[in-house]
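Below: the structure, in structure tokens.
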Amino acid sequence: MSEYNVVGKRIPKIDAAQKAMGRAEYIQDVKLPGMLYGKILYSKHAHARITRMDLSKALALSGVYTILTGEDVPEKMRMGFYKDNPPLKKDKVFSFRDEVAAVAAKTPEIAKKALELIEIDYEVLPGIFDPEKAMEKDSPLVHENTKSNVLKLPWKLHYGDVDKAEKEAAFVVEGRFTTTWVTHCCMGTSGAVASFDAADNLTIYTNTQIPSLAQKDFLEALKAMGLKNKRARVIKPIIGGGFGSKLDTYAYEHIAILLAHKCRKPVKIVFDRPEEFIATSTRQPTVTHIKQGCDKNGKLLFRDIRMVLDNGAHTSWGATTPSVMMMPITSLYRVDNVRYDAKCVYTNNTYSQAMRGYGNPQATFAIESNIDMLAEKAGIDPIEFRRINRNHPGDVTPQNFKITTCGLDLCLDAVEKELRKSGTKEKGVGIGVASLIHVGGGARIYKSDGCGVIIKMDDYGKASVFTGGTDMGQGLDNITAQIVAEELGLLVEDVHVVHTDTDVCPWDVGAHASRSTFVAGNAALGAAKKIKAQLLELGSKELKTTPDSLMLKDRLIFVPGDPEKSMAIDKLLRKIHFSPGGTMLVSDHFFDPINENMGPDYKGNMSMTYTFGVHGVKVRVDEETGKVEVLEYVAAHDVGQAINPLLLEGQVYGGVVMGLGYALSEEVMHVNGKNMNPNFRDYKLFTAKDAVKIIAPVIQTPDKDGPFGAKGIGEPGCVPTAPAIANAIYDAVGVRITTLPITPEKVLAALMEKKKNH
Amino acid sequence: MTIINFKLNNDLIEYEIKDHWTLLHLLREEMGLIGTKEGCGNGECGACTVIVDKLAINSCLYLAIDADKKTIETIEGLASTDGKLHPLQQSFVDNGGIQCGFCSPGMIMSSKALLDGNPDATREEIKHALAGNICRCTGYLQIFESVEAAKHTGGAK
Amino acid sequence: MRLPQFDYKGPDTLEKALDLLSTHAQDAKILAGGTDLLVRMKKGLIAPKTIISLKALNELSYIKKDKNTIRIGARTCLADIIASDSVRKEATALSTACERVGAVTIQHFRGTIGGNILQDNRCFHYNQSAFHRSGRQACHKDGGKICYARDESDRCNSTCQSDGATALMALGAKLVLVSKGNERTVALTDFYTTDGIMPFAMEPTELLKEIIIPVEGGKSSYQRLAYRSAIDYPIVCAGVLLKASAKKDTIEDARIVVGAMGRAPLFLAKESSELKGKSFTDTKAFQKAGNGAMNSASTFAVHNVGSTLEYRCATVSEMVFRALQEAVAEASKA
């Protein structure tokens, strides 16, 4: 939008120069005086009882300060959504990832050597690795204090009358879709440095996406350790990628705290790459049974979904992803009758966590693959079928989501236009599309969905902005600075964004749910508006005019068209400050969107606005090897208003390639709970040579509630990628792959099966 | 212990090293040059890429002892002494080639080695040269654009 | 990730290197590019006391072309081979194979042809961290008596995933091995043991000095299958060499080799000789050769490189078929 000076501009990332020079400090680079190095020993079995532990040889090693085991963990120190996971396990281990001991030593080498000297005997127990089998009656129990492996966390919603709608449907299709483990692969591995001051207050450097909730977890940990009324200060170094992986607190952070307290010295734990693969969380694997039906005109009548999620051995936020899966299930396209039942099941596998899209990619894979099946059965072009059923502004979905702005139709048009550009159909080449809905205006998962921002103006026309929001590479610092600069008539370089320290930054629920631009952006806008009001008020006195006749632009405060009534903003600030009874301009704003928590029937408008998008892809399938080549990719998103198109494109491109990995190549290979590919050679991330050309049409439908009309766009890029690919493969060679990733093995096997049946 | 002599970003260095140190260890842990990152330690990700005698190599699989008598360029040596970014660095900044930034020093070093030897590198040649540098944030496109844009701003010098 | 401690020796002549090797043979390893050796050391798969580096041994870095052979020094880096016009022209399969290795930053500039041939066999049960392996009984290659890839197997079934070796075997290459006071030449087809623990028939005191590729006017090609366009090892590969008749329409002689399917690249003698006299357009014969490759490979290949055995067997025939077609296309052009 041309009326803006800073918003909507392709302004490079504020911290990029620092990063380009190799000066940015990540957790790997943090060193404190006297710091020790911690290392963690993991279980050798997927499920076993610990029968003996002997630390004597390890403790005798020179340079070892201390060794902790499950015995040393306070009873109430527990992690995760269920608080069912102590940072070090006592008596029993539940997965290969389980931590059993930790060392603090003078050097990383000594710590590693000490781990090798720890002797532990195990009594191996039968393990269970398949969630569907784990639901059977005679299955071994992962947690013996439970009656069943199924978590007491039933996700169940039922709107309309699905059975009746099914009877009335002209066409009905069914399918079973499965997804497996994939992992974030942040280039900067996880790590933390914990340190206590003389009064037992904690300072922890950690690359978290949830500084305020982490602070709460750490305060609870201190309390469990008997350290009541102490302070916990969370400092974030530059974060080497998040993608949801840092949305909980982890054993390594709690262990660093315990070691640092025991040794009275700072302790650093940083993962190496295999450890990052083995001991951080994955996206949840799912098994989805889906049935959808439509009338003879293609109008979608019902959607019926049963789902089983592999919870792993402990319960982190992964178990709550069905709450987000409900969003596409109830609200992607108009559908009145919806039934969804999901069960999370304990297994002896690794436990899952948040990952970009938070369940949405799994659900959308099933829905959008199945929609193509339904369109085919109804004899309707898949793009047309989606047009028939698209959402409209003003819709209220069965889950009570209020659709404010919706550019789904424009996204469909944009994708179709690009895909149909290239002429006739070649053999083995096909196109596929898939749509998405995602929260675009925050998401009330926690009690608060808010973010606080403080702005402090100095005497030189510069603004320091202290935000609760977190920049982990996605660019929130820019969004914040651009919004504040726009509002205050400053340049981006006049705005310094501080997001690193809970001692100075206000509360925020965390960088998740594509919420930061909307929520932290609105908080920044609110605080800037308060500064602006003060500037106009005080400026009007200096310039002898009324506040509403004044404008802020290009570091000036002025009456448009009146050169006499103009003043530099920094000069005004000094005037205000250095006059009798002077004042400094400071403002704060806490923005909590009017998003609703879901009620007992899971109804509630989770987000103030929703982001829509359509992805289209053209693939070539090699029918002799099953290899799929992506020829062209179009990802159109309705973003409200782009605050920074350069960064927006970066989010879309990055999301799409992550989604392509999910669709085609990425898989954490587990054999009986053991990770078999904990490295970049065997875990197949797309390389630069595999990168594909992506066209990313940006559809702008300014949203009245978004800051300058913006909606969130962090996650959508990887949501509909897999079904778009699956649909394109079907179009190309007529085989429907229903399990991710769609490897050449699966495609070739399906092609051979098809040949056999013909 | 062995003493090696090498040129590092235009400085002549004499350093006493242990035989089993990698060049990455020497640069990061001993000399405090934190710009060179360890992403995997096994030559699979390229975060530790530096230039040795004009070739981009992974310093995690290069013994420090083999740096003797070599000319080594790291990310710290690219910007000019007055603080001005190297055209490639500036191009990565301007074109969205950097998000979390962890892969960026390695990406920029691989790109520099490419353009130093092949100032007119095509998109395909860029993809080939960066195939050993993994990025999880950008999907690579803005990185390719960064390298291409630098070709015309003196990045190829 | 740090390396375990070792003593470093950097001989600057072949003679010195062989002296060192004869003294330290039992606990020394040769370091050429380091892209395989150093990774294995970091994983704790091996911990040699002494490293004999070939870095200063420039005399082993060369590509020499004469009338009937191309001779390549063992320490020649892959980038030099890729850049060599004579290799591209006369030994295309090798050129292509080297291009496909790893990624440019490390494997091409650092990796050497000797190191590529002598890279250790791999198996996803074995190529894991020391901690991973310590959680279960040791396999054959780890000093134990079990094979996780094939039940009841009395030997190690780890797989040779060398692109270079497969291409070179198709080209009929020979290796020159030297030790103190001794030198011998061995055909690559005779260079392999039948046990993945030590897959190469060479003495610990021996050093690979040179690769000799006969150049007799044949056309060669190399095909591999991997998930990605870079970094990956092949999960299946094939190299072929074809010699055309004088009229350039039939096959006078052929060599077919499949790789990444077993403990060593496999020269398919029967399928190769069956192609003699076949017309360039006889695609049925090529398909038959491919199916033969599949049948042979499926008798010994195991599920141990991250892809399914069924898939690798199903695609090896296609790799052979494509390699033959490509070589025929070149041969008919020439």
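Please tell me the relative contact order of region C:242-304 in percent, rounded to the nearest whole number, where contacts are Cα pairs under 8 Å and at least six residues apart.
Relative CO of region C:242-304 lands at 30 percent.
So which aspartates and glutamates can C:Lys67 reach, going by Cα to Cα under 19 Å and dropping same-chain residues fewer than 8 places off?
Within reach: C:Asp85, C:Glu90, C:Glu210, C:Glu216.
So for chain B, averaging the separation of alpha carbon pairs under 8 Å that are six or more residues apart and normalising by length, what relative contact order in percent results?
24
Could you compute the FRET efficiency for B:Glu124 and C:Gln325, with r as their C-beta to C-beta distance and R0 at 25 Å, rounded to 0.05?
0.55
Just tell me how shielded A:646-658 is by partners: mean number of partner chain Cβ atoms within 10 Å of each residue's Cβ, no decimals.
Counting Cβ atoms of other protein chains within 10 Å of each residue's Cβ and averaging gives 5.
Just tell me how shielded C:122-128 is by partners: mean number of partner chain Cβ atoms within 10 Å of each residue's Cβ, no decimals.
Mean partner-chain Cβ count within 10 Å for C:122-128: 3.
Hey, with R₀ at 35 Å, roughly what FRET efficiency would A:Lys137 and C:Ala130 work out to, going by the Cβ-Cβ distance, to 0.05?
It comes to 0.30.
Averaged across A:689-701, how many Cβ atoms of other chains sit within 10 Å of each residue's Cβ atom?
Per residue, the average neighbour count from other chains is 3.
Whole number please: convex hull volume per residue of the Cα set in the protein assembly as shown, in Å³?
187
To the nearest 0.05, how large is the calculated FRET efficiency for A:Lys377 and A:Ser422 if R₀ is 45 Å and r is the Cβ-Cβ distance?
Efficiency, from the Cβ-Cβ distance: 0.95.
Taking only pairs that are 8 or more places apart or on different chains, how many Lys pairs in region B:2-77 have Cα atoms under 18 angstrom apart? Before the final figure, lay out each step's value.
Details: B:Lys7/B:Lys54; B:Lys7/B:Lys69; B:Lys7/B:Lys70; B:Lys18/B:Lys69; B:Lys18/B:Lys70; B:Lys54/B:Lys69; B:Lys54/B:Lys70.
Lysine pair count for region B:2-77: 7.
Apply the Karplus curve 6.51 cos²θ - 1.76 cosθ + 1.60, θ = phi - 60°, to the phi angles in region A:442-459 and return the couplings in whole Hz, x for Gly and Pro.
Working through the residues one at a time gives x, 7, 7, 9, 9, 4, 10, 10, x, 8, x, 9, 10, 10, 10, 8, 9, 7 Hz.
Using amide H atoms built 1.01 Å from N in the peptide plane, name the residues 5+ places from A:Cys186, or on other chains, whose amide H lies under 5 Å from its own.
So A:Cys186 has HN proximity to no qualifying residue.
How far, in nm, would the chain grow between C:Asp85 and C:Lys276 when pulled straight, counting 0.36 nm per residue and subtracting the alpha carbon separation?
Contour length minus Cα-Cα distance gives 65.9 nm.
For chain C, with a Gaussian network of springs between Cα atoms less than 10 Å apart, report the residue from C:Arg184, C:Arg224, C:Arg255 with the top mean-square fluctuation.
Of C:Arg184, C:Arg224, C:Arg255, the Gaussian network model singles out C:Arg184 as fluctuating most.
In whole percent, what relative contact order does region A:376-493 give with Cα contacts below 8 Å and a gap of six or more residues?
11
Using packing as a proxy for protection, rank B:120-130, A:299-309 so that the peptide with the highest average count of other Cβ atoms within 10 Å comes first.
Most protected by this proxy first, the peptides run A:299-309, B:120-130.
Would you kindly derive the ³J(HN,Hα) couplings of region C:110-127 from the backbone phi angles with the Karplus curve 6.51 cos²θ - 1.76 cosθ + 1.60 (θ = phi - 60°), listing them in order in whole Hz, with x for Gly and Pro?
Once rounded to whole Hz, the list reads 9, x, 10, 5, x, x, 5, 5, 8, 4, 5, 5, 10, 7, 6, 8, 9, 6.
Each residue of region C:27-38 in turn: what ³J(HN,Hα) in whole Hz from Karplus with 6.51, -1.76, 1.60 and θ = phi - 60°, glycine and Pro shown as x?
10, 10, 10, 8, 10, 9, x, x, 6, 9, 4, 5
Compute the distance from the alpha-carbon center of region A:91-169 to that of region A:426-444, in whole Å.
Between the Cα centres of region A:91-169 and region A:426-444 lies a distance of 32 Å.
Along the Cα→Cβ direction, 7 angstrom out, place labels at A:Lys31 and C:Lys67. What is the inter-label distance in nm?
6.4
Under a straight-distance cross-link criterion of Cα-Cα below 17 Å, which aspartates and glutamates are reachable from C:Lys209, leaving out those fewer than 8 residues away in the same chain?
C:Asp12, C:Glu15, C:Asp19, C:Glu59, C:Asp80, C:Glu183, C:Asp190
Loop sites only, by DSSP: take the GluC sites (Glu not before Pro) in chain A that have at most 13 other C-beta atoms within 10 Å and name the longest stretch containing none of them.
A:427-758
Using a cut-off of 9 Å between beta-carbons, work out the net charge of the residues near A:Val64 (Lys and Arg +1, Asp and Glu -1, A:Val64 not included). Let's see the in-between values first.
On the way: positive: A:Lys106, A:Lys113; negative: none.
Its environment carries a net charge of +2.
Dipole magnitude of chain A about its Cα centre, charges +1 at Lys/Arg Cβ and -1 at Asp/Glu Cβ only, in debye to the nearest 20?
In debye, rounded to 20, chain A gives about 680.
Given points 7 Å out from each Cα along the Cα-Cβ axis, report the A:Arg10 to C:Asn291 separation in nanometres with one decimal.
Calculated label separation equals 5.7 nm.
Cα to Cα, under 14 Å, and not fewer than 8 places away if on the same chain: which aspartates and glutamates meet these conditions relative to C:Lys49?
Here the aspartates and glutamates satisfying the reach criterion relative to C:Lys49 are B:Asp19, C:Asp7, C:Asp27.
Would you mind checking the pairs C:Lys145/C:Lys174; A:Lys689/C:Lys65; A:Lys31/A:Lys262; A:Lys236/A:Lys268 and listing those with alpha carbons more than 23 angstrom apart?
Exceeds cut-off: C:Lys145/C:Lys174; A:Lys689/C:Lys65.
Multiply the residue separation of A:Lys756 and A:Glu542 by 0.36 nm, subtract the distance between their alpha-carbon atoms, and state the gained length in nm to one decimal. Show your work: numbers first, answer last.
Working: separation 214, 0.36 × 214 = 77.04 nm, distance 8.65 nm.
Taking 0.36 nm per residue and subtracting the Cα distance, the gain is 68.4 nm.
Grab the other residues whose beta carbon is less than 9 angstrom from that of A:Asp15, score K and R as +1, D and E as -1, and report the net.
Counting the neighbours of A:Asp15, the net charge comes to 0.
Amide H to amide H, which residues 5 or more places from B:Tyr62 or on other chains are under 5 Å from it, using H placed in the peptide plane?
Excluding prolines and chain starts, which carry no amide H, the hits are B:Leu23, B:Leu24.
Given H placed 1.01 Å from N in the peptide plane, which residues other than close sequence neighbours of C:Ala264 have an amide H under 5 Å from its amide H?
C:Cys160
Measure out, as a whole number of angstrom, how far apart the alpha-carbon centroids of region A:527-579 and region A:450-483 sit.
Answer, in whole Å: 21.
What is the distance in Å between the Cα centres of region C:53-90 and region B:1-25?
29
Cβ under 13 Å from B:Val52's Cβ, B:Val52 left aside: what net charge do those residues give with Lys, Arg +1 and Asp, Glu -1?
Numbers: positive: B:Lys7, B:Lys54, B:Lys69, B:Lys70, B:Lys112, C:Lys55, C:Arg110; negative: B:Asp53, B:Asp66, B:Asp68, B:Glu73, B:Asp116.
Taking every other residue near B:Val52 into account, the sum is +2.
If each of A:Lys571 and C:Thr23 carries a label point 7 Å out from its Cα toward its Cβ, how far apart are those two points in nm?
For the pair A:Lys571/C:Thr23, the computed spacing is 8.2 nm.
Here, each number is a calculation from the coordinates, and none is a lab measurement. Just so we're clear, the structure is a prediction, and the values are computed from it rather than from any experiment. When we count neighbours, we look across all protein chains shown, and the Cβ atoms used for this are built from the backbone with ideal geometry, even at glycine.
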